[in-house]
Amino acid sequence: MRLMFSTTVNKTYIPLSLLSFACEHARWGFYPFVFHRHNLLLHLMNVALVVWLARAFGLSRAAGLLAGLIFGVHPMHVESVAWVTERKDVLYSVFYLVAVCCYVTYLSRAGLIRPSLDGERGAHPRARIWWALALVCGLLSALSKPMALSLPFILLLLDWYFERRFTVYAWLEKFICGAVLFPIVWVTYALHMRCAPVSFPESWLTWIWCLTFHLKKFFYPDFFVVFYAPPFPVTIHNASLLSGALFFVLLVAALVVLRRSRLFLLAFFWYVASAFFLFRFDYGADSHVVADRFMYLPSLGFCCWTAGVIFRGYQLSRGKKIYQGLLVTGAACGILFLSVQTRRQAVVWKDGTTLWKHQVETHWEGQPGLIQALVLSKYADALVGQNDVFLVLKSVPFRHPGGGDDPGEEGRTAVRVQQVVQAVTYYQKALKLRPRHAPALFGLGRIFYYSGQICLAEQYLQQTVAAEPGHFNAFFYLGKLYLDRGRVEDALTAFRNAEEINPGHGKLREDIIKEYRAFFTAHSEVQDVKRELERLQSL
């Protein structure tokens, strides 16, 4: 527990998400179905909360259900639900939306909005309990994912939408909320903080492209991948940047034309307020300039607005059955299209092989060399990470097995070996793009280790730690290799390096103990291994 609340994952402080995984593992172990099931259940909870909020925003019951349906089946949300480690998206959204619902209830019970949602006037004596609950849920949301930093801005937006007076007390509430959340999210933002050079027009073109990218994907969900290629070169003549600029102009025009539509303004500013810190001025921050999961919660407002527009059009065409029929048919076709796209995307997320194969086949050209190398390495990792491929390599390295009493097993073995051959090809392609790409070097080192080509394995594993000194897995495999060759001192050093890099990794320590035990059983006279084994077992 202490470790979860005192460490980060990929420079992101998400202790509550880690705690949820720990609870699942303690009860069910590494059973993938459980993790996927709970992600889906959390998503369904978010759908129910979206329906409640849509009703609070003034939509009818049917429109609220449609808003929840759009949110529930939109293919942009597949990444957040199907990717188990994106638990932080669905978990933080549950607490975030509960906090928003509590705040809206507080405004209603306290008689601070017009009209009161429950139809009553005046302040309820226990209204502030709902404000306290909103604050607690906001805190839990921030502990699940740092994007909860936007909550004070969303609460301020709700004050405007429900026409609350902006008193000193209203501003004080938002300040208190920010003061509670900021120390938690600062842990993450301090690690990611960088001073991006701002230049005109390149930086502003990039910012506009990031702002409009997710909206274009929301309204035109054509395809979805893990990595989207940022547009190069950064000039107005680039087709992607030009389309982003034109969409931005249309967006500004829509804000002017629909300035009296409070729901449209709520949808737009909900999106901006909940995702503004993800709009980049350059591409140098990390590999994910834009991503589908960034739109999970920020899309809520546009889900409600879209549903509201459809039902408003239905009401205006009352008495005109042809127009109503066309509208209902169009809405049904839209939901069907979203559902089909979601189904396709869920199939893409079946496993690592299908995911990275889809990336290579769908959106490959124009990607930076680093991203291409990373995708190729991920695809290769997925190919060799299935069906006990490494166990096969111990007996059948890179060749079709001859003979055998079970043709079915022979065929399966041949497929597995072929997967390894493909993986080696992809790793080598990645190294042509990035010669010091640690994931590809490690992948080759691991394959050559299990196939018995020890000299090549040592060469690639040493290159891995040279390229990435913090690669504890490479040190672990070097330790295994040295023990196999009887180089005890080198093995002890490699294992200690792996342990020092990741001291809190329980599985790593268990694997090192297993290697020492196996070696000591065959070589009980080696006292250095015995002492190291006793030290690790005492921890």
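Selection of segment 477-519 for residues being among the aliphatic types (A, V, I, L, M), surrounded by 19 or more Cβ atoms within 10 Å (Cβ to Cβ) and under 15 Å from residue 465 (Cα atoms) yields 478, 481, 491, 494, 498.
Taking segment 1-117 as the region of interest, the helices (runs of 4 or more DSSP H) fully inside it that hold 1 or more residues being over 20 Å from the mean Cα position of the chain (by Cα) and closer than 24 Å to residue 341 by Cα are 32-56, 61-73.
Could you list, in sequence order, the residues of segment 423-434 that are part of a helix (DSSP H, G or I) and either in contact with a strand residue (DSSP E or B) (Cβ under 6 Å, 6 or more places away or on another chain) or not aromatic (Phe, Trp, Tyr) (or both)?
423, 424, 425, 428, 429, 430, 431, 432, 433
The condition of being surrounded by fewer than 17 Cβ atoms within 10 Å (Cβ to Cβ), in contact (Cβ under 8 Å) with a residue 24 or more places away in the chain and not assigned by TED's automatic domain parsing to the domain that holds residue 381 holds for only one of 293, 344, that being 344. Of all the listed residues (251, 278, 241, 265), the sole one being surrounded by fewer than 17 Cβ atoms within 10 Å (Cβ to Cβ) and of a type outside the set (Lys, Arg) is 251. The set of residues from segment 435-474 being at pLDDT 90 or above and in a loop (DSSP other than H, G, I, E, B) comprises 435, 436, 437, 468, 469, 470, 471.
For the criterion of being touching a residue at least 12 places away in the same chain (Cβ under 8 Å) and either acidic (Asp, Glu) or in contact with a Cys (Cβ under 6 Å, 6 or more places away or on another chain) (or both), residue 499 passes.
How many residues does segment 199-254 contain that are outside any loop (DSSP other than H, G, I, E, B), of a type in the set (A, V, I, L, M, F, W, C) and farther than 24 Å from residue 303 by Cα?
5
Considering segment 148-172, and only residues there that are among the hydroxyl-bearing types (Ser, Thr, Tyr) and either assigned to a helix (DSSP H, G or I) or within 31 Å of the chain's Cα centre (by Cα) (or both), the residue that is surrounded by the fewest Cβ atoms within 10 Å (Cβ to Cβ) turns out to be 169.
Return the residue satisfying two criteria in turn: it lies in segment 185-209 and is in contact (Cβ under 8 Å) with a residue 12 or more places away in the chain and either of a type in the set (S, T, N, Q) or touching a helix residue (DSSP H, G or I) at 6+ places or on another chain (Cβ under 7 Å) (or both), and of such residues it is surrounded by the most Cβ atoms within 10 Å (Cβ to Cβ). If we take residues in segment 185-209 being in contact (Cβ under 8 Å) with a residue 12 or more places away in the chain and either of a type in the set (S, T, N, Q) or touching a helix residue (DSSP H, G or I) at 6+ places or on another chain (Cβ under 7 Å) (or both), then 209 is surrounded by the most Cβ atoms within 10 Å (Cβ to Cβ).
Of all residues in segment 299-326, those that are surrounded by fewer than 23 Cβ atoms within 10 Å (Cβ to Cβ) and touching a Phe, Trp or Tyr at 6+ places or on another chain (Cβ under 7 Å) total 2.
The values are calculated or read from the model by the stated rules, or taken from the named source; none is laboratory data. Keep in mind it's a predicted model, so treat the numbers as computed, not measured. So basically every Cβ, Gly included, is an ideal-geometry build from the backbone, and we count neighbours across all protein chains shown.
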